[in-house]
Amino acid sequence: MVSEHITRLQGNSFQHREGTWVTVKEPIGAWGEDNFTIRGILEHLNVTKDRSDYLWYTTRIYVSDDDISYWEDNSVEPALSIDSMRDLVRIFINGLYAGSKVGHWVKVEQPIQLKQGYNDLVLLSETVGLQNYGAFYERDGAGFKGQIKLTGFVNGDIDLSDTLWTYQVGLRGEFLQIYSLVENETAGWTDLALDAIPSAFSWYKAYFKAPVGMDPVVLDLGSMGKGQAWVNGHHIGRYWTRVAPKDGCQRTCDYRGPYNSEKCTTNCGKPTQIWYHVPRSWLQTSDNLLVLFEETGGNPLEISIKSHSTKVVCAQVSESHFPPLRAWSHPDFVNRKVLVSEMIAEMHLQCDYGHKISSIQFASYGTPKGSCQKFSKGNCHSPNSLSVVSQACEGRNSCSVGISNAVFGDDPCHGTVKTLAVEARCVPSPSIGFSAMK
């Protein structure tokens with residue numbers, strides 16, 4: 001459970017120095033002098049070499065009058081076909097967005113609109129996370145495999161796999177580093193109108209004040225689509241506001257047994273992530289620079305900055321659990337003065353930095369039931385549970401409690417493995433202020 005303080009980024013605390021958000025468009029296709037042209041389709045990672053997630057592929061197609069007549073007379077629609085693609089491709093015809101596809105080596109079939117004469121076909125290949133385990137994963141690659149062709153033409157399909165393609169690595173904004181504190185002023189920004197229609201492939205910039213206090217700071221990017229964000233020149237990371245499937249969440253969570261990525265799924269039907277952490281060490285009191293690159297047309301006017309603090313912390317530890325790591329390096333254990341059987345498990349509770357444990361809402365040593373904020377006493381319960389935990393933890397930022405009969409003064413149920421379940425409440429500590437951040 002968290003509490004939060006919210007500031008809309010379109011308000012006085014988050015705005016461009018001129019009073020508005022500003023924006024600049026990212027060009028589609030080749031934009032720099034370092035592009036190159038070669039025959040055939042090159043593998044994405046071998047070209048980008050970790051310089052960028054983005055690689056532009058550009059070629060030119062000629063459409064004859066006969067093709068146009070054939071499409072009109074036979075109600076045929078030309079299409080772009082790619083045998084296999086990973087991870088994401090965006091397709092542009094004559095500078096206009098035509099469609100996209102996401103997947104791991106999936107086939108692409110995209111209807112396109114062409115005009116008579118020469119047409120520019122631009123493919124933007126993007127990586128969205130690379131495999132880092134499994135046999136021969138380094139050979140997986142990215143981009144395109146197999147044939148790329150145009151279908152629906154009067155003289156049959158047109159194979160583009162061996163034609164001339166122009167390659168451009170990265171974005172112009174990346175190359176110019178318009179997200180940095182020094183270079184951002186050179187980008188040619190223009191004011192963003194409050195009623196502006198969300199635009200794809202756009203850069204946005206604004207300034208904001210840091211929330212007061214010590215609580216962690218996050219950007220709420222729920223109004224955005226897909227892109228990247230920087231604060232004061234630091235890369236926050238990539239964001240992608242995707243909604244999880246509505247089905248598949250379990251009422252009970254059990255991670256036991258073989259690993260499966262479908263275990264313990266939560267938040268079905270909701271965005272997978274909208275909050276992005278901003279370290280306070282990156283922030284100053286005011287004039288903090290936020291720059292975003294947006295691919296799909298999100299609305300920056302709805303972005304907000306939030307400070308979060310944890311109000312409730314819970315833990316559940318059994319006496320059968322292993323002792324903490326520090327116990328294994330203790331001199332008494334190293335010198336064999338203490339046996340493994342004599343070491344006990346411990347519960348560790350900790351509030352956020354600048355907060356303390358104000359009260360213990362629930363504590364039961366025995367056979368407690370339920371989960372965090374829904375704990376209840378079981379058939380076995382030590383009456384000393386609350387007093388022992390309260391004495392060890394209240395008023396502290398963090399605390400540890402041993403899990404044993406000796407700690408709680410008695411054995412509430414002989415022959416039964418006991419568990420300690422605790423729910424604690426955290427509040428800001430008045431002894432730590434904003435100045436402690438510096």
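The values are calculated or read from the model by the stated rules, or taken from the named source; none is laboratory data. Source: prediction; values computed, not measured. Note that each Cβ is placed from the backbone with ideal geometry, even for glycine, and that neighbours are counted across all protein chains shown. What goes into the accessible areas is simple: the full protein's heavy atoms, side chains included, and nothing from ligands, DNA or RNA. Shrake-Rupley method; radii C 1.70, N 1.55, O 1.52, S 1.80 Å.
Observations, loosely collected:
- On Cα atoms only, tilt of 65-74 relative to the major axis of the chain in degrees: 70
- 3J(HN,Hα) along the range 56-64, derived from phi through the Karplus expression 6.51 cos²θ - 1.76 cosθ + 1.60 where θ = phi - 60°, amounts to 8, 10, 10, 9, 10, 10, 9, 10, 8 Hz, with x in place of Gly and Pro.
- Pair Ser223, Lys246: separation of 7 Å Cα→Cβ label points (nm): 2.7
- Taking every protein chain into account, the accessible area of the chain amounts to 53 square angstrom per residue (probe 1.4 Å).
- A straight line joining the Cα centroids of the range 32-76 and the range 272-320 runs 38 Å.
- Potential extension, Glu302-Glu33 segment - 0.36 nm per residue separation minus Cα distance: 93.2 nm
- Between the amide H of Gly99 and those of Ile91, distances stay under 5 Å, these residues lying 5 or more places away or on another chain, with hydrogens modeled in the peptide plane.
- Computed in the context of the full set of protein chains, the accessible area of the chain at 1.4 Å probe radius has 50% of its extent on carbon or sulfur.
- Rounded to the nearest 20 debye, dipole of the range 118-213 from Cβ charges on Lys, Arg, Asp, Glu: 220
- Set of aspartates and glutamates near Lys209 by C-alpha distance (under 13 Å), chain-local residues within fewer than 8 positions excluded: Asp287
- Cα-only Debye scattering, the range 149-273: base-10 log of I(q)/I(0) at q = 0.13, 0.22 Å⁻¹: -0.90, -1.33
- For the range 72-137, alpha-carbon Rg relative to the globular expectation (2.2 N^0.38 Å, N residues): 1.39
- Rolling a 1.4 Å probe across all protein chains gives Trp275 an accessible area of roughly 100 Å².
- Amide proton proximity set for Gln361, modelled H, under 5 Å, gap of 5+: Glu423, Ala424, Arg425
- Listed values for the range 245-261 are Karplus-derived 3J(HN,Hα) couplings in whole Hz (6.51 cos²θ - 1.76 cosθ + 1.60, θ = phi - 60°), namely x, 6, 10, x, 7, 9, 6, 10, 10, 9, 8, 5, x, x, 5, 8, 5, and x replaces Gly and Pro.
- For the pair Gln147 and Asn379, label points projected 7 Å from Cα toward Cβ lie 7.1 nm apart.
- Extension gain (nm, one decimal) between Val76 and Arg396, 0.36 nm per residue minus Cα-Cα: 107.9 nm
- Unit charges on C-beta of K, R, D, E only; dipole of the range 226-288, Debye: 140
- Scanning residues 5 or more positions from Trp21 or on other chains, those with amide H under 5 Å from its amide H are His16, Leu192, with H placed 1.01 Å from N in the peptide plane.
- Residues within the reach of a label modelled at Ala196 (point 7 angstrom out along Cα to beta-carbon, backbone nitrogen below 15 Å), restricted to the range 302-332, are 302-303.
- Taking label positions 7 Å along the Cα-Cβ direction at both Trp275 and Ala327, the computed distance is 3.2 nm, reported to one decimal.
- Charge dipole of the chain (Cα centre as origin; +1 on each Lys and Arg Cβ, -1 on each Asp and Glu Cβ, all else neutral): 1960 debye, rounded to the nearest 20.
- Three principal axis extents of the chain based on alpha-carbon atoms, in descending order, are 93, 52, 44 Å.
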